[in-house]
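Visitor: A single structure is presented below for examination.
The values are calculated or read from the model by the stated rules, or taken from the named source; none is laboratory data. Just so we're clear, the structure is a prediction, and the values are computed from it rather than from any experiment. FYI the Cβ positions are ideal-geometry reconstructions off the backbone, even for glycines, and counts take in every protein chain you see.
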Amino acid sequence: MAIVKAQSLTYTYPNAEKPALDDVSFEIQKGEFVILTGPSGCGKTSLCRCLNGLIPHFYQGELKGKILVNKYNIVDHPIHELAKHVGLVFQNPENQLFALSVEKDVAFGLENLGIPRKEMIERVDCALKTAGIEDLAERAPHELSGGQQQRVAIASIIAMNPEILVLDEPTSFLDPLGAKRIFKVIGKLNESMDMTVILVEHRLDLAAKYADHVIVMDKGKIALDGKPRKVLNSDETRMLGVGIPKATRLYQLLDEEKALHSRQVPVTADEMGKLVRGALRA
Amino acid sequence: MSVFDGLKFRRVSSPIHMLDPRIKFLYVCSIFVVAIVFFELLPLLVLFLFQIPFVILARVQREWVRSLRGAAFLASIIFGTNILFRFMYAGYSLTANDIEYASAMTMRFIALVESFSIFFLTTSPDHLGLALEKSHIPYEFCFAFTTAVRFVPVLAEEAQTIMDAQKARGLELEKGNFLKRIRNYIPVLIPLIISAIRRSLELAEAMEARAWGAIEKRTNLYSLKMKRNDYLLVLVSIFVLIIGIFVRFYVSIPTLSNLLGF
């Protein structure tokens, strides 16, 4: 069942000459883990903004085509209504926390929705636990590291319990370990809570192993769309300047030398290790 | 900025921290009124000493001392100007009474700083925002208030970064006369303001993403409930107010110099 469905979606920001999204069509199935990638300025962030209605309600501009999110046409529903179904986590962790304590921040969305206090407390606790930050509940956001702040931002979205979780480069302000932890939390949400995840990411080395579906964008258009191993292994992806996993790149180099026997394209270091071991034994 | 350092909230659990911020504010107001009605050193000194148990109960002695130290500069200006005016007014002579008057004015200021610092040191800005909300102030204003408080350290850090960056490009902040020095800060202020505007846009987006404005009557994670200690503080505040006003009108207050026999 398609949970997100875009049909020749075209969007131009106010006062912009070129469209940020140009005839974009794709489908995302329920429960999928989608990685959306592509060079900077290719329209990934604009697409994220479409998913929860920031485009067109907050940014205005001109929207053509159609996008259905959870069967809602985003044009007909205000952002706060879409926010119940689509959680959006932004790039800069600092600028999405408003309150003076972590728990209050996680509760912010629930307060806006008018959830009764008793239920709110339960949902906040649960979200903190899922994000692995229950020990930070009473801390102030500015005392936390970037990674911890980003996990607070994710917890605050989890608390609202959306069907779709969209993350717009959540790790670009974080160190590799912080990024790894974020991916782990997201992976868990996708796996055990069956949340549909749409992750915009450049660090494919760490993220690729979670993906069921990869979409590559370029200049406002969809360049490639398909299964991770196929998309990541394609020459076009690499030529666009997408940082494909090192394991995949090594596979390509070894494949040119005809040194490999496996047809399974590796996306993680573990898989690559297995492949190399096999090659050495042969 | 050291005055404000002494007002920075730190999370401690103490009976004073647990009090309802509205009641604490009532207490500050009553201290304020009492401090304003007296011109004599003795009652103001009593007012100062009266508040010390609160500081100890709240376990914020260190911050409290720091806030007083921060206030020392202003206090000495108040003392100095009072002495100066008394000195000129009395025809270039000074009595013990004049010094006592100046001390009283200074003590009034210190007592006020003391009560404010107890309030701010023991009230989390979150609770303060909540108290504002419960006082029927529109939520938008309360939200603006808590968000402003939340971003103070962030902006301070950013200002430091910009200053460092501009210094690395050869900006000399401490050069020139007073006016020149103020002008030196323009290359720091402009990027700071621009980045603050950008930040506010991102914040607005994040608020939208969390269903800001979904319903008219939002709920709140925290609630304020009056407890036994709150009622106790109400009594104390009213008591202080009544005693203060009573003493003001019906008791003649001896000056300290008379008592000590100058």
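Visitor: What is the one condition in (1) outside any helix (DSSP H, G or I); (2) under 26 Å from the mean Cα position of the chain (by Cα); (3) over 30 Å from A:Lys118 (Cβ atoms); (4) among the hydroxyl-bearing types (Ser, Thr, Tyr) that B:Ser252 does not satisfy?
Guide: (2)
Visitor: Picking from B:Ile36, B:Ile31, B:Ile77, which residue would you name as being outside any loop (DSSP other than H, G, I, E, B), more than 23 Å from B:Val236 (Cβ to Cβ) and either without any contact (Cβ under 8 Å) to a residue 12 or more places away in the chain or of a type in the set (Val, Ile, Thr) (or both)? Outline the logic, then answer.
Guide: Details: B:Ile36 fails: more than 23 Å from B:Val236 (Cβ to Cβ); B:Ile31 fails: more than 23 Å from B:Val236 (Cβ to Cβ).
Result: B:Ile77 is the single residue among B:Ile36, B:Ile31, B:Ile77 that is outside any loop (DSSP other than H, G, I, E, B), more than 23 Å from B:Val236 (Cβ to Cβ) and either without any contact (Cβ under 8 Å) to a residue 12 or more places away in the chain or of a type in the set (Val, Ile, Thr) (or both).
Visitor: Then there is this: For region A:148-198: of the residues being within 27 Å of B:Ala214 (Cβ to Cβ) and of a type in the set (Asp, Glu), which is farthest from the other protein chains (Cβ to nearest Cβ)?
Guide: If we take residues in region A:148-198 being within 27 Å of B:Ala214 (Cβ to Cβ) and of a type in the set (Asp, Glu), then A:Asp194 is farthest from the other protein chains (Cβ to nearest Cβ).
Visitor: Starting from region B:45-71, keep only residues that are more than 18 Å from B:Arg10 (Cα to Cα), then list their pairs with residues that are in a helix (DSSP H, G or I) and not hydrophobic (A, V, I, L, M, F, W, C) whose Cβ atoms are within a distance under 6 Å, requiring at least 6 positions of separation or different chains.
Guide: These pairs meet every condition: B:Gln51/B:Glu114.
Visitor: Determine whether region A:89-98 contains at least one residue that is at the interface with another protein chain (Cβ under 10 Å from one of its Cβ atoms) and over 30 Å from B:His127 (Cβ atoms).
Guide: yes
Visitor: Can you pull out every residue in region A:53-63 that is outside any loop (DSSP other than H, G, I, E, B) and either touching a strand residue (DSSP E or B) at 6+ places or on another chain (Cβ under 8 Å) or more than 9 Å from chain B (Cβ to nearest Cβ) (or both)?
Guide: Our first condition is that a residue be outside any loop (DSSP other than H, G, I, E, B); within region A:53-63, this holds for A:54-58, A:62-63.
If the condition is that a residue be outside any loop (DSSP other than H, G, I, E, B) and either touching a strand residue (DSSP E or B) at 6+ places or on another chain (Cβ under 8 Å) or more than 9 Å from chain B (Cβ to nearest Cβ) (or both), then A:Leu54, A:Ile55, A:Pro56, A:Glu62, A:Leu63 are the ones that fit.
Visitor: On to the next question. Starting from residues that are among the charged types (D, E, K, R) and in a helix (DSSP H, G or I), keep the ones in region A:64-88 and report whichever is farthest from the other protein chains (Cβ to nearest Cβ). Let's see the steps before the verdict.
Guide: Looking only at region A:64-88, we keep the residues that are among the charged types (D, E, K, R), and these are A:64, A:66, A:71, A:76, A:81, A:84.
Restricting the remaining residues to those that are in a helix (DSSP H, G or I) gives A:76, A:81.
Numbers: A:Asp76: 16, A:Glu81: 7 Å.
Among them, the one singled out is A:Asp76.
Visitor: Another question, if that's okay. Considering each of A:Lys184, A:Lys180, A:Lys188, A:Lys227 in turn, give the residue that is in contact (Cβ under 8 Å) with a residue 40 or more places away in the chain and either in the same structural domain as A:Glu17 (by TED's automatic domain parsing) or not aliphatic (A, V, I, L, M) (or both).
Guide: Numbers: A:Lys184 fails: in contact (Cβ under 8 Å) with a residue 40 or more places away in the chain; A:Lys180 fails: in contact (Cβ under 8 Å) with a residue 40 or more places away in the chain; A:Lys227 fails: in contact (Cβ under 8 Å) with a residue 40 or more places away in the chain.
Exactly one residue qualifies, and that residue is A:Lys188.
Visitor: Name the helices (runs of 4 or more DSSP H) wholly within region B:138-242 that hold at least 1 residues that are closer than 20 Å to A:Ala153 by Cβ and within 12 Å of another protein chain (Cβ to nearest Cβ)? Let's see the steps before the verdict.
Guide: On the way: elements: B:139-168, B:178-184, B:186-209.
Here the list reads B:139-168, B:186-209.
Visitor: So which of A:Ile121, A:Ile55 ends up being farther than 27 Å from B:His127 by Cα and of a type in the set (A, V, I, L, M)?
Guide: Numbers: A:Ile121 fails: farther than 27 Å from B:His127 by Cα.
The conditions single out A:Ile55.
Visitor: Continuing with this model, one more query. Name every residue in region B:86-140 that is under 27 Å from the mean Cα position of the chain (by Cα) and loosely packed, with under 14 Cβ neighbours inside 10 Å, in order of residue number.
Guide: Scanning region B:86-140 gives B:Ser135, B:His136, B:Ile137, B:Pro138, B:Glu140.
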